[in-house]
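**Student:** For reference, the structure I am asking about is given below.
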Amino acid sequence: MGSEVVGVGLFDSLRRRSKGGQKPGTLRKASSNDFKHLEEWASSRTGVEAYVEPKTNVTETTVVLIAHDGEWTRRRIESLDAAQQFGHKRSIPVYEVARVGYPKRMREYTERKKRGEA
């Protein structure tokens, strides 16, 4: 009776690639889908401001767009410069979260969402 031998290494699972073709544990870069989402989101809301979050060990640089009512969205972006260019092109103010923090309206919106009021 023939049997097939399949080699399974101890660390093979660590070498597998994710759906996006990246090794697990590597940071995903900003994509055109991220940029498209930011553009569409910003153009469909009023009073939008951008808050840039610095790169960490876990995520690349991200930008949080916050509307006048506190509604917000977050996506990866290439850099602080890219966020500033995005804001300048759309007349959206751009802030660094590490310097100014998040606006109160964002926290209030998140609390309303948790209570089912938003």
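**Student:** Name the strands (runs of 3 or more DSSP E) wholly within the range 31-118 that hold at least 1 residues that are within 12 Å of the chain's Cα centre (by Cα)?
**Tutor:** Correct list: 49-53, 62-66, 72-76.
**Student:** Quick one: HIS68 ticks every box in (1) on the phi > 0 side of the Ramachandran plot; (2) surrounded by fewer than 14 Cβ atoms within 10 Å (Cβ to Cβ); (3) not acidic (Asp, Glu) bar one, so which box is it?
**Tutor:** (1)
**Student:** Tell me yes or no: at least one residue of the range 107-118 is among the hydrophobic types (A, V, I, L, M, F, W, C) and open to solvent by less than 40 Å² (accessible area, probe 1.4 Å).
**Tutor:** No, that holds for no residue.
**Student:** Related question: Residue pairs, Cβ under 8 Å, 6 or more apart or interchain, first in the range 30-41 and under 13 Å from GLU78 (Cα atoms), second open to solvent by 30 Å² or more (accessible area, probe 1.4 Å). List them.
**Tutor:** Pairs that qualify, where the first residue is under 13 Å from GLU78 (Cα atoms) and the partner is open to solvent by 30 Å² or more (accessible area, probe 1.4 Å), are ALA30/ARG75; ALA30/ARG76; ALA30/GLU78; SER31/ARG76; ASP34/ARG75; ASP34/ARG76; PHE35/ARG75; LEU38/ARG75.
**Student:** Being hydroxyl-bearing (Ser, Thr, Tyr) and under 14 Å from TYR95 (Cβ atoms) is the filter here, so list the residues in the range 37-60 that pass it.
**Tutor:** The answer is TYR51, and nothing else.
**Student:** Just to be sure I understand the filter: pairs with C-beta atoms under 8 Å, separated by 6 or more residues or on different chains, first member in the range 103-116 and more than 12 Å from ASP69 (Cβ to Cβ) and among the charged types (D, E, K, R), second member at pLDDT 95 or above and in a helix (DSSP H, G or I). Which pairs pass?
**Tutor:** Within 8 Å, no pair qualifies.
**Student:** Right, next: Quick check on the range 99-118: of everything there that is of a type in the set (A, V, I, L, M, F, W, C) and at pLDDT 95 or above, which residue is nearest to HIS37 (Cα to Cα)?
**Tutor:** Here the answer is MET106.
**Student:** Check off (1) open to solvent by less than 60 Å² (accessible area, probe 1.4 Å); (2) at pLDDT 90 or above; (3) of a type outside the set (Ser, Thr, Tyr) for ARG74 and give me the number that stays unchecked.
**Tutor:** (1)
The values are calculated or read from the model by the stated rules, or taken from the named source; none is laboratory data. Quantities reported herein were computed from a predicted structural model and do not represent experimental measurements. Positions of Cβ are backbone-derived with ideal geometry, glycine not excepted, and every protein chain shown enters the neighbour counts. What goes into the accessible areas is simple: the full protein's heavy atoms, side chains included, and nothing from ligands, DNA or RNA. Shrake-Rupley method; radii C 1.70, N 1.55, O 1.52, S 1.80 Å.
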